[in-house]
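Trainee: This is the structure I want to talk about, given as structure tokens.
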Amino acid sequence: MSTTSTPNMLAREKTRVPQPKKKIRIRPVYLLIVLWLIGVLGPYAWMFITSITPPEEMVESAARIWPRHANLKAYEYLASNHKFIEYAINSALVAVGTVIVTTTLALLAGTVLSRYRFKGRKFVLFGTLLLQLFPTVLMIVPLYIEMRTFGLLDTKRGLMIVYTAFSLSFSTWLMKGYVDHIPKEIEEAALIDGCSRFQTFLYVIVPLTKPGIAAVATFSFIYSWNEFIYALTFTHSDVARTIPVGLRLFIGESSINWQYITAAGVLAVIPVLVGFMLAQRSLIAGLTAGAVKG
Amino acid sequence: MTRAVPPFSPPVVSTTQDRPFWRMKDLPTHWLMLAPALIVVSGLILYPAINAVWLALTDTNILDLADQKFVGLYNFEEALKSDSFWLSLLHLMIWVIGCVGGQLIFGMIGANILNQKVRGRAMIRGVVLVPWATASILVALMWLWMLNPNFGIVNHYLRVIGLLNGPQDWLGDPMTALPTLILIDVWQGVAFFSVMLLAALQSVPKEMLEAAKIDGASPWQSFWRLTLPYIMPTVLITVVLRVVWTANYFDLILVVTNGGPANSTLTLPLHAYSTAYQDFDFGMAAALGIIQAVILAVPVIAYVRHVLKKEAA
């Protein structure tokens with residue numbers, strides 16, 4: 001760039017050689033990181049490339065990487081596929097419901113567990129944590145009978161309730177961590193100014209825990225959007241099936257159309273990627289806080 | 001400012017000092033605020049968990065719920081007598097040791113890489129954690145395609161570098177199916193370990209490491225003798241949580257191989273799941289679930305006892 005004044009190509013080459021001002025030394029750490037990132041992102045990139053590769057090129061796709069005639073047919077197909085759209089809507093509705101209910105309950109419970117000292121607090125605090133360790137497979141059998149009794153099988157409501165229950169304990173702990181960081185003095189001031197306990201919660205704690213609310217909302221969204229086993233077991237018609245169950249049905253078909261199914265995969269992963277990248281900082285902080293303190 | 005100190009402290013201040021300023025009369029508010037969460041959790045986790053114990057003692061079949069008989073410990077006896085139980089338990093052990101071991105080793109390496117002076121660490125940390133936030137069904141989908149015996153990109157490049165000739169169906173061969181699944185799980189979970197261990201590594205006092213350096217310790221020595229003991233509590237809790245979580249995780253196996261080929265990837269939770277939803281034997285499935293829970297209680301209790309002992313010392 002600095003040598004643009006010299007018109008001659010040869011001269012330009014010459015002037016470039018003797019001035020290696022910036023020493024570009026690549027430390028081996030960066031090499032390892034690049035390899036790691038390729039290992040992590042490669043499968044996603046490959047899923048995307050496959051989704052734009054026409055079926056007749058699948059045989060040579062691994063050798064060519066980028067297809068000769070890339071097309072978006074798979075996405076057009078999915079956009080007009082009733083089933084996929086229905087599954088996507090179900091997933092979205094269940095996720096939104098789960099996020100709203102989980103965040104509200106976790107905010108209430110997290111505030112109480114952070115701010116109030118009462119008999120049974122420790123019991124509640126560690127009880128919820130212990131319940132989290134129960135095997136899914138132990139829960140799913142009695143839960144199935146319970147859902148059937150209450151007519152919640154094969155409903156979006158049913159899935160929402162189950163997801164709320166299973167994301168609640170981590171969400172509550174995450175929220176409690178955020179409330180712990182709010183100085184008590186602010187609430188005391190509000191109390192002295194005549195706020196009731198619930199008003200201090202509404203007007204002091206809620207606005208100050210917005211990052212926590214965002215983290216919990218993202219966590220419960222990702223959980224609900226990704227969850228597979230309960231969705232598979234508790235739904236048996238398109239009324240309540242979510243995207244993961246739909247993908248499983250596609251995979252199970254005798255002749256898999258890899259272009260279509262990877263396109264569905266790309267569409268399914270996008271909301272999670274966006275949400276996760278937005279909230280990863282606070283999510284990671286919440287994840288590591290408990291473990292590092294011991 | 002210059003007023004004399006009153007003989008008694010003003011009530012508002014005193015209540016904030018040694019005990020929280022909320023008093024007994026406020027009690028109902030917090031139980032009210034806690035109630036919705038408690039109701040949901042006890043209704044959908046606690047109650048079913050207790051119900052599972054009852055189910056395990058019956059011959060409940062989901063096709064005919066009305067015909068439910070108490071059979072005592074029959075399900076447990078039958079389970080312990082069956083070969084498939086012991087086989088699935090063995091697979092579970094291999095699965096857990098392979099997955100958690102692999103994640104711990106590679107996670108530790110990753111954490112140490114990220115703990116170097118690296119630009120954009122927060123960004124990298126976020127990106128490598130993406131698989132952990134990806135649905136198991138999508139992980140299964142991506143790897144099924146990449147490991148496809150005919151068109152898969154993995155086999156293609158293994159052939160290019162000469163490590164493989166001819167077709168190889170990694171997931172269809174009973175010898176390689178479980179190890180392949182373990183590798184996929186390590187791929188998905190390794191960053192979780194890295195992020196946890198990185199947080200711990202960053203809490204290691206720099207002075208300690210510098211002092212060791214001045215005293216002539218090699219980086220390798222100071223890692224094993226200083227850093228590792230310092231971050232041990234985090235390593236332990238992460239491993240325990242991960243063991244429990246990995247043991248209970250069967251989504252991936254269910255989608256990728258569903259226990260096959262020839263039951264070579266059948267782990268205990270998957271065995272319990274198919275007992276419930278292929279054989280419809282809910283009583284037996286609940287019994288297997290309880291056995292699973294009891295087995296997993298062992299590492300948790302061992303961990304808690306270890307922590308309590310340390311605190312007492």
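The values are calculated or read from the model by the stated rules, or taken from the named source; none is laboratory data. Remember, it's a predicted structure, so these values are computed and weren't measured experimentally. Neighbour counts run over all protein chains shown; Cβ positions are idealised from the backbone, glycine included. Ligands, DNA and RNA are excluded from the accessible area calculation, which covers all protein heavy atoms including side chains. Shrake-Rupley method; radii C 1.70, N 1.55, O 1.52, S 1.80 Å.
Trainee: Calculate one ³J(HN,Hα) per residue across segment B:103-108 by plugging θ = phi - 60° into the Karplus curve 6.51 cos²θ - 1.76 cosθ + 1.60, and present them in order as whole Hz with x for glycine and proline.
Mentor: With the stated coefficients, segment B:103-108 comes to 5, 5, 5, 5, x, 5 Hz.
Trainee: Can you give me the Cα centroid spacing of segment A:86-148 and segment B:238-265 in angstrom?
Mentor: 23
Trainee: Other chains near B:254-264: what is the mean number of their Cβ atoms within 10 Å of each residue's Cβ?
Mentor: Values: counts 4, 7, 1, 0, 1, 0, 0, 0, 0, 0, 0.
Mean inter-chain Cβ contacts per residue within 10 Å come to 1.
Trainee: Might you work out the accessible area of B:Y303 for me, using a 1.4 Å probe with all protein chains in place, and round it to the nearest 10 Å²?
Mentor: 40
Trainee: Hydropathy first: keep DSSP H helices in chain A averaging at least 0.0 on Kyte-Doolittle, then drop any whose Cα extent along the axis falls short of 30 Å, and list what survives.
Mentor: Those that pass (Cα extent of 30 Å or more, hydropathy at least 0.0) are A:28-51, A:82-115, A:156-180, A:258-293.
Trainee: Using a 1.4 Å probe and counting only protein heavy atoms, arrange B:E77, A:E227, A:E60 so the residue with the most accessible area comes first.
Mentor: I get B:E77, A:E60, A:E227, largest accessible area first.
Trainee: Which value, in debye to the nearest 20, describes the size of the charge dipole of the protein assembly as shown about its Cα centre when Lys and Arg Cβ atoms bear +1, Asp and Glu Cβ atoms bear -1, and nothing else is charged?
Mentor: For the protein assembly as shown, the charge dipole is close to 3000 debye.
Trainee: Assuming R0 = 41 Å, can you tell me the calculated FRET efficiency for the pair A:L129 and A:E56, based on Cβ-Cβ distance, to the nearest 0.05?
Mentor: In this case the efficiency is close to 0.15.
Trainee: How big is the accessible area of B:H306 in square angstrom, nearest 10, if you roll a 1.4 angstrom probe over the protein chains?
Mentor: Solvent-accessible area, nearest 10 Å²: 80 Å².
Trainee: Looking at this model, which pairs from A:K119/A:K184; A:K184/A:K210; A:K122/A:K156; B:K117/B:K310 are more than 25 angstrom apart at the alpha-carbon?
Mentor: In this structure, A:K122/A:K156; B:K117/B:K310 exceed 25 Å between Cα atoms.
Trainee: Another question, if that's okay. Considering only protein heavy atoms, with the full assembly of protein chains and a 1.4 angstrom probe, order B:M142, B:M208, B:M123 by accessible area, largest first.
Mentor: B:M123, B:M208, B:M142
Trainee: Sticking with this structure for a sec: What figure in square angstrom, to the nearest 10, would you give for the accessible area of A:F221 with a 1.4 Å probe?
Mentor: 50
Trainee: Please compute the average number of Cβ atoms from other chains found within 10 Å of each residue's Cβ in peptide A:180-191.
Mentor: 1
Trainee: Something else: Once each part is reduced to its C-alpha centroid, what is the distance from segment A:245-284 to segment A:216-240 in angstrom?
Mentor: Between the Cα centres of segment A:245-284 and segment A:216-240 lies a distance of 13 Å.
Trainee: Working with all protein chains in place, sort B:Y47, A:Y30 by solvent-accessible area computed with a 1.4 Å probe, largest first.
Mentor: B:Y47, A:Y30
Trainee: Further, regarding this structure: Please give the average number of partner chain Cβ atoms lying within 10 Å of the Cβ of each residue in A:116-123, rounded to a whole number.
Mentor: Per residue, the average neighbour count from other chains is 3.
Trainee: Could I ask something else about it? Semi-axes of chain B's equivalent ellipsoid from the Cα gyration tensor, sqrt of 5 times each eigenvalue, largest first, rounded to whole Å?
Mentor: Those come to 43, 36, 19 Å.
Trainee: About the Cα centre of chain A, what is the dipole size in debye to 20, counting +1 per Lys and Arg Cβ and -1 per Asp and Glu Cβ, all else neutral?
Mentor: Numbers: 28 positive and 16 negative charges, 280 e Å.
Using only the charged Cβ atoms, the result is roughly 1340 debye.
Trainee: What ³J(HN,Hα) values, in whole Hz, does the Karplus curve 6.51 cos²θ - 1.76 cosθ + 1.60 give for segment A:53-58 when θ = phi - 60°, with x put for Gly and Pro?
Mentor: Working through the residues one at a time gives 9, x, x, 5, 9, 4 Hz.
Trainee: Kirkwood Rh and Cα-based Rg: tell me the resulting Rg over Rh for the protein assembly as shown, rounded to two decimals.
Mentor: Radius of gyration over Kirkwood radius for the protein assembly as shown works out to 1.02.
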